[in-house]
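Encoded as structure tokens, the structure appears first; notes follow it.
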Amino acid sequence: MVVLAAGALLAGCGSGQIGDGGGAATDPGNKNLALLTGMRGEPFYVSIECAAKEAAAAAGYELNAQAPEKFEQAEQAQLLNGVVSSRPGAVIIAPTDDKALATPLQQAKDNGVQVVEVDTALEDRSIAVSSLSSDNHAGGVLAAQTLAELVGDRPGSVLALNTKAGTSTTDERARGFEEEIAKHPNLKLLPTQYTENEPATAAQIVSATLAANPDLVGVFGTNLNTGEGAGTALANAGRSGQVQLVGFDASPKQVDDLRSGRVQALIAQNPAEIGREGVNRAIAAIKGEPVERETKTDMIALTRDSMDQQAQHFYRATC
């Protein structure tokens, strides 16, 4: 039976509780929050946004939500500069680059804006007051365990598709996957390839890999776009279900693909929990209350047999 959960809500990792993010003082009466997710319209981020809006409204705060058109650092930095100029009490952000966003976020902090990271995180841990994300390394391990069980004893090659180098979440997923697959001697891990978060690029890579490696038995897509692109390539080649595909995220499209057999398993995160708790941490930081520095939320492996019993893990396309 496929292992069904990983990383059940682990709080307090990292440097423990803090009540002041440093920098300039934050006005404890500031009721304005800003949310900058990683990409507009992506169901994982839509689910974060919906839950964040609900939590902010319930607490009596205004939430300004924005996102770049693509998962791209320059556009997100431009949006961030505009947001910070409006002086919110806190910015809740999924950084699209773990290094390049450090400077503008440090400037926000220096101007009295509390910084809460959701989903992705900066390499510099001194800037954000709190970080919330899935346990991405554990998610990669779970993906490898799930794929190995789906493949069984068959020998063959396995491909992992990452998005962009320097994306903290997918890098951790790929690392966990690689470490776990190494424990299965019948599976040969091919070099991880990068898709630049483009489904069409993922499809091209998988098509080329099928041609070069006729023994391909499994593919792991580290996020929604890579999984969708891989599914397209396998379907076009008539290999859906022959090559086992494990995707990451439970978007409406991915859920449909799981139901139809185009995808064999999905590793679903808990974006609603991340969005709600991100707002709660931001409000606590504005008020000068202690918050946990780092929290990891749970994930679950969805298969065609288990998906209807786990429908609460499906992502939203609209609020």
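The values are calculated or read from the model by the stated rules, or taken from the named source; none is laboratory data. Computed from a predicted model, the values in this text were never measured in an experiment. Reconstructed Cβ throughout: ideal geometry from the backbone, glycine too, with neighbour counts over all protein chains shown. Ligands, DNA and RNA are excluded from the accessible area calculation, which covers all protein heavy atoms including side chains. Shrake-Rupley method; radii C 1.70, N 1.55, O 1.52, S 1.80 Å.
Using a 1.4 Å probe on the protein heavy atoms, what percent of the accessible area of segment 27-85 belongs to carbon and sulfur? That fraction is 48 percent. Taking Cα atoms only, the orientation of helix 224-236 departs from the longest principal axis of the chain by about 20 degrees.
Relative contact order for segment 65-187: what is it in percent, counting Cα pairs under 8 Å that are at least 6 residues apart? Each step should come with its number before you reach the end.
On the way: 169 pairs, mean separation 26.6, N = 123.
RCO, segment 65-187: 22 percent.
Its Cα gyration tensor gives segment 245-289 an equivalent ellipsoid. The semi-axes, each the square root of 5 times an eigenvalue, are 35, 8, 5 Å from largest down. Mean sequence separation of contacting Cα pairs (under 8 Å, at least six apart), scaled by the length of segment 21-101, corresponds to a relative contact order of 42 percent.
When the helices in the chain are scored as -39500 (n - 2.57) per DSSP H run of 4 or longer and the sum is shared across all residues, what 222 nm value do you end up with, to the nearest 500 deg cm²/dmol?
Working: 9 runs with 121 residues, N = 319.
Theoretical 222 nm ellipticity from helices: -12000 deg cm²/dmol.
Evaluated at 20 °C with a viscosity of 1.002 mPa s, what Stokes-Einstein diffusion coefficient in µm²/s does segment 208-319 have when Rh comes from the Kirkwood expression over alpha-carbon pairs? Once the numbers are plugged in, D ends up at 137 µm²/s. Across the accessible surface of segment 143-253, with the other protein chains kept in place and a 1.4 Å probe, carbon and sulfur atoms take up 53 percent. Shown here are the Rg and Dmax of the Cα trace of segment 127-285, at 15.9, 54 Å. Working note: Karplus 6.51/-1.76/1.60 with θ = phi - 60° gives segment 207-212 the couplings 4, 5, 5, 4, 5, 7 Hz, where Gly and Pro are set to x. Phi angles across segment 269-279 convert, under the Karplus curve 6.51 cos²θ - 1.76 cosθ + 1.60 with θ = phi - 60°, into 3J(HN,Hα) values of 8, 10, x, 4, 5, 5, x, 4, 6, x, 5 Hz, Gly and Pro given as x.
Sequentially through segment 86-98, phi angles give Karplus couplings (6.51, -1.76, 1.60; θ = phi - 60°) of 7, 6, x, x, 8, 10, 9, 9, 9, x, 7, 8, 7 Hz, Gly and Pro residues having no value and appearing as x. Taking Cβ atoms as reference points and 12 Å as the exclusive limit, the residues near ASP27 contribute a net charge of +3, counting Lys and Arg as +1 and Asp and Glu as -1.
For segment 255-319, what does the convex hull of the Cα positions come to per residue, in cubic angstrom?
Numbers: hull volume 6.1 nm³, N = 65.
Given the Cα convex hull of segment 255-319, per-residue volume reads 94 Å³.
Over 26 Å apart at the Cα level, from the set LYS164/LYS296; LYS31/LYS99; LYS53/LYS253; LYS31/LYS253, are LYS31/LYS99; LYS31/LYS253. Between the helical axis of 168-181 and the longest alpha-carbon principal axis of the chain there is an angle of about 30 degrees. Across segment 136-191, Cα-Cα pairs more than 15 Å apart make up 42 percent of the total. In this structure, ASP110 and GLU72 have a Cβ-Cβ separation that, at R0 = 35 Å, corresponds to a calculated FRET efficiency of about 0.90. At q = 0.32 Å⁻¹ the log10 of I(q)/I(0) for segment 98-142 amounts to -1.18, computed by Debye summation with a single uniform scatterer per C-alpha, solvent ignored.
Scanning residues 5 or more positions from ARG316 or on other chains, those with amide H under 5 Å from its amide H are SER47, with H placed 1.01 Å from N in the peptide plane.
Give me the one-decimal Kirkwood hydrodynamic radius in Å for the chain, with the sum taken over alpha-carbon pairs.
Numbers: mean 1/r = 0.0508 Å⁻¹.
Across the chain, the inverse of the average 1/r is 19.7 Å.
Rg of the Cα atoms in segment 32-185, relative to 2.2 N^0.38 Å, amounts to 1.19. Computed log10 I(q)/I(0) for segment 200-258 at 0.16, 0.22, 0.25 Å⁻¹: -0.41, -0.77, -0.99, from the Debye equation with unit scatterers placed on every C-alpha and solvent omitted. Using a cutoff of 8 angstrom between alpha carbon atoms and counting only pairs six or more residues apart, the relative contact order for the chain works out to 27 percent. Pull out a ≥ b ≥ c, the square roots of the eigenvalues of the alpha-carbon gyration tensor of segment 19-86, then state rounded if a/c is under 1.5, prolate if not and a/b is larger than b/c, and oblate in the remaining case. Judged from the Cα gyration tensor, segment 19-86 comes out oblate (a/c at least 1.5, b/c at or above a/b). So if I take the centroid of the Cα atoms in segment 88-111 and the same for segment 52-85, what is the distance between those two points in Å? Comparing the Cα centres of segment 88-111 and segment 52-85, I get a distance of 11 Å.
For the chain, the longest principal axis of the Cα atoms and the long axis of helix 43-59 meet at an angle of about 30 degrees.
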